[in-house]
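A.B. asks: Pasting in a structure now, in structure tokens, and then I'll have a few things to ask.
The values are calculated or read from the model by the stated rules, or taken from the named source; none is laboratory data. Computed from a predicted structure; not experimentally measured. Here the Cβ is made from the backbone with ideal geometry for all residues, glycine too, and neighbour counts use every protein chain on show. Heads up: the accessible areas ignore ligands, DNA and RNA and are worked out on the full protein's heavy atoms, side chains in. Shrake-Rupley method; radii C 1.70, N 1.55, O 1.52, S 1.80 Å.
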Amino acid sequence: MVGAAGAVRVGVVGGSIAGCAGALAAARAVPGAAVVVFERSAGELRERGAGIGIQHERFGELVGAGFLDASLPATPGHSRDWFTRDGVSADGGGASGLGKLIWRQPFPFNSYNWGHLYRSLRGRLPSRVEFRGDARVVSAASGDSGASVTLADGSVEHFDLLLGADGYRSVVREAMFPGVVPDYAGYLCWRGLSDFAELKELPQDSFSTVGFNHGHLVAYPIPADDGRVHFNWVLYSAVPPDLTGDLSTATSIPPGAVSDAVLDFMDSLLTRELPPAWAAAIRKTARENVFIQPIYDFAAPAFTKDRMLLLGDAGAVSRPHAAAGTVKAMQDAASLLDLWRTTDDLDELATRYDAARRPAGSAVTALARRIGAAQVLDTPDWAAFEEAGFAAWLGAQMQLPDGTEMGGRRL
């Protein structure tokens, strides 16, 4: 346990999942420490259309580490069903409108609602953690024995340790490594939600992926706030640049702000590429409720510099294909907590944290790049696959260095 607890002051930039997890780690590691979270949003954090798949073992690890609640609402998944438009599978999948079933992959994942997970994690913060909403950090800097932040109102605050949990456009990372920014992958995804109860023809207890030329659809049910079940879908595709303009610095484009041209392209894609049942399911989401997410990735040169540490997407952004972002953020915080319990030297803590988490971030980023290349940019003839060949093709994409998992490193 760290000594001189009352003297330790920890700043956390970003109040989303990575920030709450980092603040929780700091509060538990150093009882009595002053922990301040700066969140730029003034109201409640929400993420539209955000379903999260978490593998059973990773979920159990995070429950055991005290970051997740075992009773978190979930929809169980028993398999990942891979479809494509052409052909009819042995069980008549094509005739049903779902397309050819290539493989029913064992898939020990449950799906969760981002909002439920965030509120549960935020609720675990001790009352002594100061959570400041509408507090925008505009810059950060390291000093002789700590780090400081400058806020939009011009005020400056100093900390013994600063955690950058402010996402892929991180102010803290910019202070550590100027000019290191995410790279646009050259494609995007459309996202949306609809009422799963209206989609009886779809698989009811699985994650589904539908492959097509230069893209794929990922869809699965997630718990809704009102007790219903939502159909959560993500449609990836390369899109002609003249339709989107420059996406190299864009963030997600919210519902109501997506251009008619980009929505029309999506609609033509549904007609041309997807089996009828999947196209109809996506069209249950009103056009004005669809939003798009340009796909980026990067891994920072290091997760620490002086007394500044990076957590979550601030340190490494993996494309969503790996379903790793939320879990990786909490694993970063859980690893930090474990390390902090063994040393009261903050410089040693920073060094050991980088050694523990940078390899995992880099590995997951590389994994998601391979998936994106194989399943969006250079897609195979999906309809030509049979189960054995497809399993081998997919398995080659999933290779990771020893000791890592799809969600990051085992705790």
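A.B. asks: Give me the pairs: first residue in the stretch 258-275 and over 16 Å from residue 292 (Cα atoms), second residue of a type in the set (Phe, Trp, Tyr) and open to solvent by less than 40 Å² (accessible area, probe 1.4 Å), beta-carbon distance under 6 Å, and six or more apart or on different chains, which are they?
C.D. replies: So the pair list comes out as 273/212.
A.B. asks: If you go through the stretch 151-170 one residue at a time, how many are at pLDDT 95 or above, open to solvent by 40 Å² or more (accessible area, probe 1.4 Å) and not small (Gly, Ala, Ser)?
C.D. replies: 4
A.B. asks: Go through the stretch 118-127 and report how many residues are in contact with a helix residue (DSSP H, G or I) (Cβ under 7 Å, 6 or more places away or on another chain) and either open to solvent by less than 20 Å² (accessible area, probe 1.4 Å) or not in a helix (DSSP H, G or I) (or both).
C.D. replies: Selection size over the stretch 118-127: 5.
A.B. asks: Do the conditions hold for residue 212, that is, is it buried (at least 21 other Cβ atoms within 10 Å of the Cβ) and free of Cβ contacts under 8 Å to residues at least 60 places away in the same chain?
C.D. replies: no
A.B. asks: Another one. Going by what's in this entry, would residue 239 be described as farther than 26 Å from residue 113 by Cα, part of a loop (DSSP other than H, G, I, E, B) and either open to solvent by 10 Å² or more (accessible area, probe 1.4 Å) or not basic (Lys, Arg) (or both)?
C.D. replies: When the stated conditions are applied, residue 239 passes them.
A.B. asks: Sort out for me the strands (runs of 3 or more DSSP E) sitting completely within the stretch 178-225 that have 3 or more residues that are in contact with a Lys or Arg (Cβ under 6 Å, 6 or more places away or on another chain) and not β-branched (Val, Ile, Thr).
C.D. replies: Where strands (runs of 3 or more DSSP E) fall fully within the stretch 178-225, none carries at least 3 residues being in contact with a Lys or Arg (Cβ under 6 Å, 6 or more places away or on another chain) and not β-branched (Val, Ile, Thr).
A.B. asks: Would you mind finding the one in 153, 134 that is farther than 23 Å from residue 27 by Cα and not in a strand (DSSP E or B)?
C.D. replies: Matching residue, one of 153, 134: 153.
The rows are residues; the columns are (1) of a type outside the set (S, T, N, Q); (2) outside any loop (DSSP other than H, G, I, E, B).
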| position | (1), (2) |
| --- | --- |
| 231 | yes, yes |
| 251 | no, no |
| 262 | yes, yes |
| 271 | no, yes |
| 277 | yes, yes |
| 298 | yes, yes |
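A.B. asks: Right, here's the next one. Counting just the residues of the stretch 279-296 that are in a helix (DSSP H, G or I) and open to solvent by less than 10 Å² (accessible area, probe 1.4 Å), which one comes out farthest from residue 185 (Cα to Cα)?
C.D. replies: 281
A.B. asks: Go through 58, 48 for me and flag whichever is at pLDDT below 95, buried (at least 20 other Cβ atoms within 10 Å of the Cβ) and not in a strand (DSSP E or B).
C.D. replies: None of the others qualify; the one that does is 58.
A.B. asks: Can we say residue 302 is part of a loop (DSSP other than H, G, I, E, B), open to solvent by less than 40 Å² (accessible area, probe 1.4 Å) and touching a helix residue (DSSP H, G or I) at 6+ places or on another chain (Cβ under 8 Å)?
C.D. replies: In short, yes.
A.B. asks: Of all residues in the stretch 377-392 being over 26 Å from residue 239 (Cα atoms) and aliphatic (A, V, I, L, M), which is surrounded by the most Cβ atoms within 10 Å (Cβ to Cβ)?
C.D. replies: Among those that are over 26 Å from residue 239 (Cα atoms) and aliphatic (A, V, I, L, M), it is 391.
A.B. asks: Working only within the stretch 71-101, note down all residues that are in a loop (DSSP other than H, G, I, E, B), of a type in the set (Ser, Thr, Tyr) and at pLDDT 90 or above.
C.D. replies: 71
A.B. asks: Would you confirm, using the coordinates I've provided, whether residue 297 is under 19 Å from the mean Cα position of the chain (by Cα), charged (D, E, K, R) and at pLDDT below 95?
C.D. replies: yes
A.B. asks: May I ask you to say which residue of 357, 352, 341 is free of Cβ contacts under 8 Å to residues at least 60 places away in the same chain, surrounded by fewer than 22 Cβ atoms within 10 Å (Cβ to Cβ), more than 15 Å from residue 17 (Cβ to Cβ) and among the basic types (Lys, Arg)?
C.D. replies: That would be 352, the only listed residue that is free of Cβ contacts under 8 Å to residues at least 60 places away in the same chain, surrounded by fewer than 22 Cβ atoms within 10 Å (Cβ to Cβ), more than 15 Å from residue 17 (Cβ to Cβ) and among the basic types (Lys, Arg).
A.B. asks: Would you point out which residue out of 138, 181 is open to solvent by 40 Å² or more (accessible area, probe 1.4 Å), out of contact with any strand residue (DSSP E or B) (no Cβ under 6 Å at 6 or more places or on another chain) and β-branched (Val, Ile, Thr)?
C.D. replies: 181
A.B. asks: Can you list residue pairs whose Cβ atoms sit under 8 Å apart, with the first residue in the stretch 39-64 being small (Gly, Ala, Ser) and the second being open to solvent by 70 Å² or more (accessible area, probe 1.4 Å) and modelled with pLDDT of 80 or more? Count only pairs 6 or more apart in sequence or on different chains.
C.D. replies: Close Cβ pairs (under 8 Å, with a partner that is open to solvent by 70 Å² or more (accessible area, probe 1.4 Å) and modelled with pLDDT of 80 or more) amount to 41/134; 42/134.
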